[in-house]
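**Student:** If you scroll down you'll find the structure; I have some questions about it.
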Amino acid sequence: GVRQNREKEAQGLELLSNHLQSVQGQEPDWDRLYDELDAKEYARAVQLHNERKNDLAAVQVEKGEIQKQQAAENQVAFQQHLVTEKQRLLDAIPAWQDETRMKKERAAVVSYAKTLGYTAEEIQVASDHRAVKALYDSWRLSTLNKETDVAKKKVRKAPKMAKAGTPRAKGESQTRRKKQLSQRLNKERSVNAAVDLLLG
């Protein structure tokens with residue numbers, strides 16, 4: 001296509017530019033040449049040098065034009081890429097089809113990404129929906145874990161309800177609970193049961 005032809009043209013100009021620069025070399029010692037060459041040879045040397053300089057300048061201008069065109073094409077391609085990736089992201093995270101929720105959660109995901117060590121620049125140029133979805137899922141998981149921890153703390157802090165019937169001495173109820181937990185540990189052999197027994 002057009003872009004491939006432009007890339008080939010840019011490569012060709014780069015090779016030509018390198019060749020002209022190597023042929024051109026350093027500015028000659030004109031005083032020495034004036035002394036060593038006759039007038040005709042000296043005039044020819046000046047003419048050749050100026051021709052090569054003009055050729056090199058023309059190639060550099062052409063290179064600049066090609067680079068500008070490539071930059072413009074890359075910008076358009078990148079904008080199209082962003083539009084496509086945004087749609088893919090909305091497909092991957094349907095909740096973000098709500099603009100208000102997306103803005104709120106996106107800000108939270110950005111803050112979370114920074115805690116993982118991502119720089120502001122890295123976050124700003126994130127343009128792959130898969131990377132954003134992975135960060136989103138990781139953030140959601142961390143949020144759920146925090147909510148679970150808070151819920152557990154609330155349950156632990158909840159006051160114990162008095163049971164109907166004969167009140168037991170504190171020592172007796174603790175011994176009875178430890179016995180029950182020990183039986184549960186023997187029965188289930190689970191890590192959670194062991195933790196309950198240790199934290200009594």
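**Student:** Restricting attention to segment 117-138, does a residue exist that is farther than 27 Å from Gln75 by Cα, in a helix (DSSP H, G or I) and open to solvent by 80 Å² or more (accessible area, probe 1.4 Å)?
**Tutor:** no
**Student:** Give me the pairs, please: first residue somewhere in segment 67-83 and closer than 13 Å to Ser127 by Cβ, second residue anywhere and among the polar types (S, T, N, Q), beta-carbon distance under 8 Å, and either six or more positions apart or on two chains.
**Tutor:** Phe78/Ser127; His81/Ser127; Leu82/Ser127
**Student:** Can you pull out every residue in segment 34-53 that is more than 58 Å from the chain's Cα centre (by Cα) and part of a helix (DSSP H, G or I)?
**Tutor:** Applying the first criterion (more than 58 Å from the chain's Cα centre (by Cα)) to segment 34-53 yields 34-43.
Selection gives Tyr34, Asp35, Glu36, Ala39, Lys40, Glu41, Tyr42, Ala43.
**Student:** Among the residues of segment 92-116, count how many are outside any helix (DSSP H, G or I) and open to solvent by less than 60 Å² (accessible area, probe 1.4 Å). Reasoning before the result, please.
**Tutor:** To start, the set of residues in segment 92-116 that are outside any helix (DSSP H, G or I) comprises 93, 98, 116.
Next, from what is left, pick out any that are open to solvent by less than 60 Å² (accessible area, probe 1.4 Å): 93.
Matching residues across segment 92-116 total 1.
**Student:** Being more than 44 Å from the chain's Cα centre (by Cα) and open to solvent by 80 Å² or more (accessible area, probe 1.4 Å) is the requirement here; does Glu7 meet it?
**Tutor:** Numbers: more than 44 Å from the chain's Cα centre (by Cα): no; open to solvent by 80 Å² or more (accessible area, probe 1.4 Å): yes.
For Glu7, the condition - more than 44 Å from the chain's Cα centre (by Cα) and open to solvent by 80 Å² or more (accessible area, probe 1.4 Å) - is not met.
The values are calculated or read from the model by the stated rules, or taken from the named source; none is laboratory data. Everything numeric here is computed off the predicted structure, so don't read it as measured data. Methodologically, a virtual Cβ is constructed for each residue, glycine included, from the backbone with ideal geometry; neighbour enumeration extends over all protein chains shown. What goes into the accessible areas is simple: the full protein's heavy atoms, side chains included, and nothing from ligands, DNA or RNA. Shrake-Rupley method; radii C 1.70, N 1.55, O 1.52, S 1.80 Å.
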